[in-house]
Structures are given as structure tokens and as C-alpha cells.
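Bear in mind these aren't lab numbers, they're just calculated from the coordinates by the rules spelled out. All values reported here derive from a predicted model rather than from experimental measurement. Every residue, glycine as well, gets a Cβ built from its backbone with ideal geometry; the counts of neighbours run over all protein chains shown.
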Amino acid sequence: MALRHAILAALSRGKPRTGYDLNASFNDVNDRAWHASPSQVYSELTKMESRGLIEISERNERGRTSYVISDAGYDELRRWLLHDQPDHGVRDDAALRLLNLWVLQRDEAEYLLDAEVAFQRQRHFSLSHLLDNWEDEREDHDSPVWRNRRALYTLWLRQTSLTLGWLEQLREVLTDPDASVAAVMPHAEHATRR
């Protein structure tokens, strides 16, 4: 996935957005689909406009520019959705750190584990609040765009709940050197069997 596809997806929701708006959405803790720096976003917007994928809908006297997706942009978004294979490889800095806690002293490992638990709890609270207030915060909450996003936020909330449970199991493994990892953390097939 290229940044242009993330921008096209954001603009496909039908609301003109500025580079600032796009940066805010890409750095929202609740939205895990894509992250980008402001310089990447503004550079990509310039390229996309020159290729006709987006159009300027408004530019005010201070230079603040709002963009909308063009017909060519919709065509590119559809092409990407239907013909490009998704990249299932994930670069996850937090997971890499958790994988290497064994390098640290026990108190250092607990510090990093506490920080990850705090982050996941904040994400869980934020997603729960977002979903609990979904209909109050959006006039068009039942539109196809928002129905799909609500379903995805529900997935992320479930993943966050699962991660929090796993982090507590990891804490048990780290604090008790005699604890059996297999007993504390059973395989997924055993844990999810219905």
C-alpha cells in the first residue's frame, strides 16, 4: 500500500480535507490502518494533484488548501482494492521490543511492559468511547462509509482487549521464572476452540 492509497481512501469518504486533517487522521491512536509524517503527506498531495488523482476544492487567503478525490482517484482506489495484493507484513516496533525483553534487567522489562499496558489501556478506552458514542457523534452514522469503519473499530477494540490479556500473561511469565509458558499462554487453537 502506498501513501497515495491511504489518502485516496480518506478522501473517498466524501468530505474535503486539508493536509492538516489528513495528518491528524493518520496519527490518530484509534486509526491503525496507516501512519505518515506531515512532510510525507504534503509531498504526496502535490504529486497526486499533478497526476489528477485529487483536486483542490478550496484554497483560502492563508493558503490552507482542501482536497477532494477526482474520478481518476476513484478509479485508482478501485484498481488498488481489486488488483494489488495486500502487504500482510507488519513492522511493529512494540512487538519487537516485547520479543526482546529478555535482554533487559527485570525492572527495566517491567517498565517497558507497564508502558505498553498503559498505551493499550488508553487505546481500549478511546475505542470504547468512540463506539459507545458512535450514533451521537455522526449524523450519517449508518452510511456505508461509517458502517464499514465502525466494523473495523470493533475489530481493533477486540484486538486491543486480546493484547491486554496477553500482556498480563507475559507479565506472569516474566515475574515467575518457574512458570510454564505453555500453561500460562496456551496455543491459540486451544484458547479459541468453541
Exercise for review: Using the Karplus curve 6.51 cos²θ - 1.76 cosθ + 1.60 with θ = phi - 60°, work out ³J(HN,Hα) for each residue of segment 134-139 in order, rounded to whole Hz, and write x for Gly and Pro.
Suggested key: 3, 6, 6, 9, 9, 5
Check your understanding: Considering the Cα trace of segment 3-83, what is its radius of gyration and what is Dmax, both in angstroms?
Key -> 12.0, 41
Study note, to complete from the structure: Per residue, the convex hull enclosing the Cα atoms of the chain spans a volume in Å³ of 173 Å³
Study note, to complete from the structure: So the FRET efficiency between SER39 and LEU96, C-beta based with R0 = 25 Å and rounded to 0.05, is 0.50
Check your understanding: Which value, in debye to the nearest 20, describes the size of the charge dipole of segment 3-83 about its Cα centre when Lys and Arg Cβ atoms bear +1, Asp and Glu Cβ atoms bear -1, and nothing else is charged?
Key -> 80 debye
Practice item. Describe numerically, in nm with one decimal, the distance between label points set 7 Å from Cα along Cα→Cβ at GLN169 and at VAL68. Key: 5.0 nm
Practice item. For segment 93-192, take the alpha-carbon Rg, divide it by the Kirkwood Rh, and send me Rg/Rh. Key: 1.10
Study note, to complete from the structure: Ordered by number, the GluC sites (Glu not before Pro) in segment 41-73 that occupy a DSSP loop and have at most 14 other Cβ atoms within 10 Å are GLU61
Review point. Which one of HIS83, HIS124, LEU104 has its Cα pushed farthest toward the positive end of the charge dipole of the chain, where Lys and Arg give +1 and Asp and Glu give -1 at the Cβ?
Key: HIS83
Study note, to complete from the structure: In nm, the gap between the two label points placed 7 Å beyond Cα toward Cβ at VAL145 and ASP21 is 0.8 nm
Revision key, fill the gap. Once the dipole of segment 93-192 is set up from charges on Cβ (+1 Lys and Arg, -1 Asp and Glu), the residue from the list HIS187, SER161, ALA115 lying farthest towards its positive end is HIS187
Review point. FRET efficiency for SER12 and ALA182, Cβ-Cβ distance as r, R0 = 41 Å, nearest 0.05?
Key: 0.35
